[in-house]
Amino acid sequence: MDPLSLILDPLNAEQRRAVETVEGPVLILAGAGSGKTRALTHRIAYLIERGVPAWQILAVTFTNKAANEMKERIKRLIKLTSSEGEEHAVMPIMGTFHSICVRMLRRDIEHIGRNRDFVIYDSDDQQKLMKETLLDMKIMPEDIKPKTALAHIGRFKCEAMTVRDSESAATTSIGEKFAKIYAHYQTKLREANALDFDDLILETVRLLHEVPAVLERYQETWKFLNIDEYQDTNHAQYLLVNLLAKKYENLCAIGDPDQSIYAFRGADIRNILEFKRDYPNTTTISLEQNYRSTQPILSAANNVIAVNPNRPEKNMWSEKKEGPKITLEEVGDEKMEAEHAIKHVLTMQKKGTSLNNQVILYRTNAQSRQFEEACLRNAVPYRIVGGLKFYMRREVKDVLAYLYTILNPQDTISLLRIINVPSRKIGQTTLLKLKSHCQDRGLNLWQGLLHIEMVEGLPEATKQKLSQFTQLILDLQLRAEEVPVSQLMQEVLDRIGMEKWVRDETEEGEERWQNIEELVSVARKYESLEPWTSLTSFLEEVALVSEVDKLDQVRDDALTLMTVHLCKGLEFESVMIAGAEEGIFPVSGSLFDREQLEEERRLMYVAMTRAKKHLRIMHARSRILWGNTQSNARSRFLDDIPSELVENVSDDILSRFSWGSSSKKKSAIEPFRQTFDQSPWGDDMNQDHETDLEPGTRINHPTFGTGTIKSVRGDILEVEFESGKTKHLASNIAPISLAP
């Protein structure tokens, strides 16, 4: 068979055009599920088949996984098109921006006065170096945290700003301070002959700017450039690409502005939107045929994204014309949202859709807790993508360790976890001396702390800090007898300054604080109990969640839980999007920021287009999130979906009137009816056990067996099992059923 036919025949008309247009600048607008990787790999194979030497082709991806996948596809294509016995010894250069820049710098960095034996600092190395930098500058961690400083410097480098640029741009005292930190940090990097990840690109741009001979050599080497996910490039990457492409302008940029969702990482959507301004003779090709989703899903997503201004016209379509409507489901609160979602997952599983083919998407990590607990209640194996399970997150465990210590200061593990959280400058040397003192005298750590003045070899200032910590725990123990656990937790956070310590002006810091606020939400369930009982009951629930989590050996077939930011590039038979309410999705910070609101809309578009066949979007009339009760309108994005594409369901009959009167689109509103299959734990075990579970009731537990309820305290059951063991179980989490 003709080699060119092997390359071109599997392609649709627009993909083929993208492959065959090899001269001059080309902008390929590749919509979700449109086969852009196929177009890009076939394009590279086509160039080689047309006689372009492989070493003259450069392909840049955003992940090593994408680069490796592309290499394997191209190898297979080249092998198919090669004459019998002929081998292509040379493959095109393919890799991430960072890997390609390392290759260039290892060869040529000496031209700009650096040593080619440089080391590359990862994030941990950067943290250590920044701590040294701030220490040198006598800046205390409570004033500026290393992560905060690194976040600012990362923004400088994404914008290709030198130290001098940052100094010139500073208009405030804090801006001037960060510019000085940047200068000192770069000096220390140079002294260590090290580059961080952002430097790899910044120094390559500097090399090509300052050494024309090197620039020309690379322009002559890579005459055909292919850049994947162009909408995710930052300004420094944009400068690099344009320097390399300037001479021949054989630049193929492939991406989708509707999927630009990483502004917080420095991605600049203008790079793809203004491509034609940089290259006026651009050929623009739109890949609009979608191979993933049904037409109802695509039509809904098209209508949501169409509201964004200044986007290139693109309308996704599919040959799968028929498919289920999009379900917009209203529920009472976040607990019902999770319960209905998991029961829907089980229904889909029973109908043949594996758990692996289902996903629940949410806007923020803090929302995952309710879904995790619903999975545990219903024995649904699950995996969290891109993050730890809620109760395993560091900040959550730190706060819980304070409560465990208040409850039982003999708990040395918890005590050691919090003794320097937030930082009290209690180092390992101090702890070793304290432990040694306790071991020699047969004391536990808490007993040693109570008599810290007896420990030899510790400076008085250190003893004073440890004494203050001990007094803090003693004070909080008294409060634990006076206030419920939610108020106690809030007082712990206030006394130790946790918010200031955690919120460090980074995305990660904000998210960590939201997780702590969500933990406060959990504790509020126990406000009706006596103070000390509320503390013990809350910690029993948390221990139960952790215990069941460990028992839950995640099988190969597991439900996926993840944030919307992490789902790009993935696809599932069934997708559920949670929390589609104003202030949550879109997030509250975007409601008065046009650019951020546009990105939130792109996030919704990305979430919707992950679905192949089934799409369900959920919203609650009220929810407790981040420690606050919210009652928000449903997301504005839902009102942009044509009524003929949706089925609205609700557990509140009045919703048919409120939606009908407030929405411009007259959707057919149906009251929600519980049609799910029963929980695997039995007909009687719904989300509210109050009418069923009382002292004397017999229950079954998959791990502990059959037992009898001895007492009921809020959600906590004291159960005596036939094995002789007594367990405290949280009724709203434990996978229990009524015994026959």
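The values are calculated or read from the model by the stated rules, or taken from the named source; none is laboratory data. Because the structure is predicted, anything quoted here is derived from the model rather than measured. Quick reminder, even Gly has a Cβ in these numbers, built from the backbone with ideal geometry, and neighbours come from all protein chains shown. Heads up: the accessible areas ignore ligands, DNA and RNA and are worked out on the full protein's heavy atoms, side chains in. Shrake-Rupley method; radii C 1.70, N 1.55, O 1.52, S 1.80 Å.
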Please count how many residues of the stretch 354-372 are in contact with a strand residue (DSSP E or B) (Cβ under 7 Å, 6 or more places away or on another chain), open to solvent by 20 Å² or more (accessible area, probe 1.4 Å) and farther than 25 Å from Glu511 by Cβ. 1
Tell me which residues, restricted to the stretch 110-137, are surrounded by fewer than 18 Cβ atoms within 10 Å (Cβ to Cβ), farther than 26 Å from Lys425 by Cβ and not acidic (Asp, Glu). His111, Ile112, Gly113, Asn115, Arg116, Val119, Ile120
Of the conditions (1) surrounded by fewer than 22 Cβ atoms within 10 Å (Cβ to Cβ); (2) under 30 Å from Lys65 (Cβ atoms), Asp228 fails just one. Which one is it? (1)
Could you tell me how many of the residues in the stretch 113-162 are in a helix (DSSP H, G or I) and either on the phi > 0 side of the Ramachandran plot or among the aromatic types (Phe, Trp, Tyr) (or both)? 1
Kindly provide the set of residues from the stretch 138-153 that are in contact (Cβ under 8 Å) with a residue 12 or more places away in the chain and either out of contact with any helix residue (DSSP H, G or I) (no Cβ under 6 Å at 6 or more places or on another chain) or open to solvent by 60 Å² or more (accessible area, probe 1.4 Å) (or both), ordered by number. Ile139, Pro141, Glu142, Ile144, Lys145, Lys147, Thr148, Ala151
List the pairs whose first member sits in the stretch 348-361 and is touching a residue at least 40 places away in the same chain (Cβ under 8 Å), whose second member is among the aromatic types (Phe, Trp, Tyr) and open to solvent by less than 70 Å² (accessible area, probe 1.4 Å), and whose Cβ atoms are under 8 Å apart, counting only residues at least 6 apart or on separate chains? Leu355/Tyr382; Asn357/Phe572; Gln358/Phe572; Val359/Phe572; Ile360/Phe371
I'd like to verify a number: residues in the stretch 199-244 that are part of a helix (DSSP H, G or I) and farther than 20 Å from Arg107 by Cβ, how many? 6
Quick test of your reading of the structure: Gly627 fulfils all but one of (1) at pLDDT below 90; (2) at negative phi; (3) out of contact with any Pro (no Cβ under 7 Å at 6 or more places or on another chain). Name the failing condition by number. (2)
Residue under evaluation Lys320, criteria (1) within 29 Å of the chain's Cα centre (by Cα); (2) open to solvent by 10 Å² or more (accessible area, probe 1.4 Å); (3) within 14 Å of His614 (Cβ to Cβ), criterion not met: (1)
Exception for Arg311 within (1) at pLDDT 95 or above; (2) crowded, with 17+ Cβ neighbours inside 10 Å falls at (1)
Would you check if there is a residue in the stretch 247-258 being assigned to a strand (DSSP E or B), open to solvent by less than 10 Å² (accessible area, probe 1.4 Å), among the small types (Gly, Ala, Ser) and within 30 Å of Leu207 (Cα to Cα)? yes
Among the residues of the stretch 275-328, how many are part of a loop (DSSP other than H, G, I, E, B) and of a type in the set (Gly, Ala, Ser)? 4
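A quick yes/no check of all residues on (1) within 26 Å of Arg103 (Cβ to Cβ); (2) among the polar types (S, T, N, Q); (3) touching a residue at least 40 places away in the same chain (Cβ under 8 Å); (4) open to solvent by less than 10 Å² (accessible area, probe 1.4 Å):
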{"position": "Arg16", "(1), (2), (3), (4)": "no, no, no, no"}
{"position": "Glu23", "(1), (2), (3), (4)": "no, no, yes, no"}
{"position": "Ile28", "(1), (2), (3), (4)": "yes, no, yes, yes"}
{"position": "Tyr46", "(1), (2), (3), (4)": "yes, no, yes, no"}
{"position": "Glu49", "(1), (2), (3), (4)": "yes, no, yes, no"}
{"position": "Thr61", "(1), (2), (3), (4)": "yes, yes, yes, yes"}
{"position": "Lys79", "(1), (2), (3), (4)": "yes, no, no, no"}
Which of the strands (runs of 3 or more DSSP E) found entirely inside the stretch 690-740 contain at least 3 residues meeting this: modelled with pLDDT of 75 or more and not aliphatic (A, V, I, L, M)? 698-701, 705-713, 716-721
When you scan the stretch 452-493, how many residues do you find that are touching a residue at least 60 places away in the same chain (Cβ under 8 Å) and of a type in the set (Gly, Ala, Ser)? 1
Might you let me know whether the stretch 83-94 holds any residue that is within 27 Å of Glu203 (Cβ to Cβ), buried (at least 17 other Cβ atoms within 10 Å of the Cβ), within 27 Å of the chain's Cα centre (by Cα) and modelled with pLDDT of 80 or more? yes
Can you name the residue in the stretch 471-507 that is among the polar types (S, T, N, Q), assigned to a helix (DSSP H, G or I) and open to solvent by less than 50 Å² (accessible area, probe 1.4 Å) and, of all such residues, is farthest from Lys389 (Cα to Cα)? Gln477
Give me a count of the residues in the stretch 220-252 that are closer than 16 Å to Phe97 by Cα and of a type outside the set (A, V, I, L, M). 15
